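Encoded as structure tokens, the structure appears first; notes follow it.
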Amino acid sequence: MKIGIVGLGYVGLPLAVAFAEAGDEVVGLDTDSRKIEALKQGRSHIEDVPDAALAPLGERLKVTPNHADLASCEAIVICVPTPLTGSREPDLTYLLESATALSGVLQPDQLVVLESTTYPGTTRERLLPILEESGLSAGRDFHLAFSPERIDPGRTDYTLRTTPKLVGGITPESSERARALYSRICDQVVVLSTPEAAELSKLLENIFRSVNIALVNEMAQLCDRLGIDIWEVVDAASTKPFGFMRFDPGPGMGGHCLPVDPFYLAFKAREHDFYPEFIELAGKVNQTQPAFCVERIARALNEAGKPVKDSKTLLLGVSYKAGVGDIRESPALVIAKRLVELGADLSYHDPYVPHVAELGLGSVDLADALAESDVAAVITGHPGIDYADVIASAPLVVDFRGVTRGIEATNVVRL
């Protein structure tokens, strides 16, 4: 097959590589000229796709900024960002722009699949009408489906091939075309009745995690008031072999999906005069967690006889999860900005993130920064860092990830 991928980010590029590795001809489209040039030179901007994975693909992976190159594809998969606006409502700008450009080159019998996370109804109510501006009719002249991405950056136990793929088409034939497409690279494809069911399934997956993370984060704040070790409590509850699923507290949620999805569903629910207060509350709790962490750092400094202002404050990790360099929606950025507002002399060390443009900072040498610090706060529990040495080198350590458990020291404060 010849397959087009619109958007070569964390979702699109791994997908393009998977199809090319399966022997398909892939046209990868992106509007970022820097990505296009790097990929042409065999350099990947995505951690899960090493440079070595690109070299064997040769002519099977063509990258382009031109939508006209998609006209010859049998299937086109849209993987563009769907962020939130400043008022925490869905921002479909990238999707609608892509759909408009695609409508100008859409051909009869093509399959179009949306993978970008969104609210139920987007495929049918927003994408379909724009594509039909081509003069072609969805379900008759071309096929349309939704298939949610399930990529977890840095994960190796569940891959694109081994994670079941959901698809939902606007017609049974569209569903079958989507199933056949993904069967080329996925071991199991689950067909749902409609795009709306597939769209909502993706939101449910992530809102489930959002709600449970909010619960354990709120418990952590309560344990702080009660003087109880939240990590001991979570460890204890986890010994129950049924009826409990472990979630760990932390500085907040990051990545594209978890901080965003509850607001996508809440937006759609309000259109139907339904107010998902439980879901919205979980989103609010998780949004407040970075502020709690800043307050905890300030309190720890105060107990050591130091103000936040002018204190040398080192953040250990700025990515949203351990072992990756992804800073999308990372709580570390919120924590960092608030500390700077309070006058902290801020620096960070992250072996996966060499520079953060919006902070105007680069990762510093760990040993030197620890020796000079007034406080070191563990925001991301990256592997490869000797946390016993961190405790031995820094005068004060605040651990929001539980990586120092088992180390007895008087200069450690844990969430």
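The values are calculated or read from the model by the stated rules, or taken from the named source; none is laboratory data. Everything numeric here is computed off the predicted structure, so don't read it as measured data. Cβ placement follows ideal geometry from the backbone for every residue including glycine, while neighbour counts extend to all protein chains displayed. Just the protein is used for accessible areas: all its heavy atoms, side chains included, with ligands, DNA and RNA removed. Shrake-Rupley method; radii C 1.70, N 1.55, O 1.52, S 1.80 Å.
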Looking only at segment 362-378, decide whether some residue is charged (D, E, K, R), within 25 Å of residue 156 (Cβ to Cβ) and more than 20 Å from the chain's Cα centre (by Cα). no
For segment 388-411, does any single residue satisfy the condition of being closer than 26 Å to residue 256 by Cβ, hydroxyl-bearing (Ser, Thr, Tyr) and in a loop (DSSP other than H, G, I, E, B)? no
Identify all residues within segment 355-372 that are touching a Ser or Thr at 6+ places or on another chain (Cβ under 7 Å) and open to solvent by less than 20 Å² (accessible area, probe 1.4 Å); write none if there are none. 369, 370
Sort through 404, 380 and tell me the only one that's open to solvent by less than 20 Å² (accessible area, probe 1.4 Å), β-branched (Val, Ile, Thr) and under 28 Å from residue 45 (Cα atoms). 380
Among the residues of segment 52-74, is there at least one that is of a type in the set (S, T, N, Q), on the phi < 0 side of the Ramachandran plot, in contact with a strand residue (DSSP E or B) (Cβ under 9 Å, 6 or more places away or on another chain) and part of a helix (DSSP H, G or I)? no
Can you pull out the residues in segment 179-222 that are touching a Gly at 6+ places or on another chain (Cβ under 7 Å) and surrounded by fewer than 21 Cβ atoms within 10 Å (Cβ to Cβ)? 192, 193, 194, 196, 197
Residue match in segment 125-132 (condition: under 25 Å from residue 283 (Cα atoms) and either in contact with a Cys (Cβ under 8 Å, 6 or more places away or on another chain) or open to solvent by less than 10 Å² (accessible area, probe 1.4 Å) (or both)): no
Regarding segment 269-279, can at least one residue be identified that is farther than 26 Å from residue 119 by Cα, open to solvent by 60 Å² or more (accessible area, probe 1.4 Å) and hydroxyl-bearing (Ser, Thr, Tyr)? no
The one condition in (1) crowded, with 17+ Cβ neighbours inside 10 Å; (2) not in a loop (DSSP other than H, G, I, E, B) that residue 176 fails to fulfil: (1)
For segment 55-65, does any single residue satisfy the condition of being among the small types (Gly, Ala, Ser), within 16 Å of residue 25 (Cα to Cα) and open to solvent by less than 40 Å² (accessible area, probe 1.4 Å)? no
Limited to segment 86-108, what total is found for residues that are closer than 20 Å to residue 69 by Cβ and either surrounded by fewer than 17 Cβ atoms within 10 Å (Cβ to Cβ) or not small (Gly, Ala, Ser) (or both)? 10
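Only one of 217, 206 is outside any loop (DSSP other than H, G, I, E, B), of a type outside the set (Ser, Thr, Tyr) and touching a Cys at 6+ places or on another chain (Cβ under 9 Å); which? Spell out how you get there, then give the answer.
On the way: 217 fails: touching a Cys at 6+ places or on another chain (Cβ under 9 Å).
Unique residue meeting the criteria: 206.
Given the criterion out of contact with any Phe, Trp or Tyr (no Cβ under 9 Å at 6 or more places or on another chain), at positive phi and not aromatic (Phe, Trp, Tyr), identify the matching residue among 305, 317.
When all the criteria are applied, what remains is 305.
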Count of residues meeting criterion [among the charged types (D, E, K, R), open to solvent by 20 Å² or more (accessible area, probe 1.4 Å) and modelled with pLDDT under 95] in segment 304-354: 3
Here are 255, 323, 283: which of them is small (Gly, Ala, Ser), in a loop (DSSP other than H, G, I, E, B), within 20 Å of residue 215 (Cβ to Cβ) and within 25 Å of the chain's Cα centre (by Cα)? 255
Only one of 82, 100, 117 is in contact (Cβ under 8 Å) with a residue 24 or more places away in the chain and not in a loop (DSSP other than H, G, I, E, B). Can you tell me which? 100
Starting from residues that are open to solvent by less than 40 Å² (accessible area, probe 1.4 Å) and modelled with pLDDT of 95 or more, keep the ones in segment 150-168 and report whichever is farthest from residue 92 (Cα to Cα). 163
The residue that is surrounded by the most Cβ atoms within 10 Å (Cβ to Cβ), considering only those in segment 13-46 that are part of a helix (DSSP H, G or I) and among the acidic types (Asp, Glu), is 21
Given the conditions (1) surrounded by 13 or more Cβ atoms within 10 Å (Cβ to Cβ); (2) out of contact with any Ser or Thr (no Cβ under 8 Å at 6 or more places or on another chain); (3) assigned to a helix (DSSP H, G or I); (4) not hydrophobic (A, V, I, L, M, F, W, C), report the number of the one that residue 225 does not fulfil. (1)
